[in-house]
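Colleague: Here's a structure for you.
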Amino acid sequence: MNRRFTSKPIYLFLIIFLFAAALNAAAQVGPPWPEKDKKPEQKGNPAPPAEEQGYKKEELREMLETLRVWKMTKALELTEEQSLKIFPRMNEIEKAREAAGKVRAQAAEELKKMVNSPAGPDREKISEKLAGIEKAESELRSKEEKFREEIKSLLSPVQQAKLVIFLKDFEEDVKRMVAEVRGMRKEAAEKKMQQKRK
């Protein structure tokens, strides 16, 4: 299966979400142009937050979830009973992944301070922090393994195969949309700068 977002309403729907996605990964995404190409007046100007565009981050997250539910239900031909069991559990797993990611990110920052401490690294505290990361990751793996077993009992082998394909295609579509939106943002920024020069 290689289904793509071809409907214009769906295309716009996902584009709206992508502006919120930048809020979750602002450090990774960054501005749509290389740092060295920034103009002096552009420095320190982040992308407009989702709130300024009339959408809250949580609302946009829900919009993407609605889109995914619709696409996945159609792709896997899920029954109502299957949908009621699978999607709540998928949401739980995603929240667990997000929580584990926050733990890792916070721990990494704290470890950086510990390692670079003028007084020298505190090996005991560093070990405790590493143990905390390992615990969070272990708990996440346990939840993911339990979810995989639940999927096996809820979906037929064919549906399981379709799920693997769907998740891969969906992720690729989102990445493609991110690239397209960043391109549009860059083009809009360049046009704005050209207008200022006139």
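The values are calculated or read from the model by the stated rules, or taken from the named source; none is laboratory data. Since this is a predicted model, take the numbers as computed values, not measurements. Positions of Cβ are backbone-derived with ideal geometry, glycine not excepted, and every protein chain shown enters the neighbour counts.
Colleague: Limited to the stretch 164-197, what total is found for residues that are over 30 Å from residue 76 (Cα atoms) and under 16 Å from the mean Cα position of the chain (by Cα)? Spell out the reasoning first.
Modeller: Quick first cut of the stretch 164-197, residues over 30 Å from residue 76 (Cα atoms) only: 182-197.
Narrowing the set further to residues that are under 16 Å from the mean Cα position of the chain (by Cα) leaves 182.
Of the residues in that region, 1 qualify.
Colleague: Looking at 78, 67 in this structure, which one is in a helix (DSSP H, G or I) and surrounded by 16 or more Cβ atoms within 10 Å (Cβ to Cβ)?
Modeller: 67
Colleague: From the list 140, 130, 111, exactly one residue is of a type in the set (A, V, I, L, M) and closer than 24 Å to residue 92 by Cβ. Which is it? Lay out the reasoning, then the answer.
Modeller: Details: 130 fails: closer than 24 Å to residue 92 by Cβ; 111 fails: closer than 24 Å to residue 92 by Cβ.
Just one listed residue meets the conditions, 140.
Colleague: Something else now. Among the residues of the stretch 173-187, are any loosely packed, with under 15 Cβ neighbours inside 10 Å, over 24 Å from residue 67 (Cβ atoms) and out of contact with any Ser or Thr (no Cβ under 7 Å at 6 or more places or on another chain)?
Modeller: yes
Colleague: Given the criteria under 30 Å from residue 160 (Cα atoms), in contact with a Leu (Cβ under 9 Å, 6 or more places away or on another chain), modelled with pLDDT of 85 or more and surrounded by 15 or more Cβ atoms within 10 Å (Cβ to Cβ), does residue 72 qualify?
Modeller: yes
Colleague: Of all the residues that make up the stretch 105-126, how many are surrounded by 13 or more Cβ atoms within 10 Å (Cβ to Cβ) and part of a helix (DSSP H, G or I)?
Modeller: Residues in the stretch 105-126 being surrounded by 13 or more Cβ atoms within 10 Å (Cβ to Cβ) and part of a helix (DSSP H, G or I): 7 in total.
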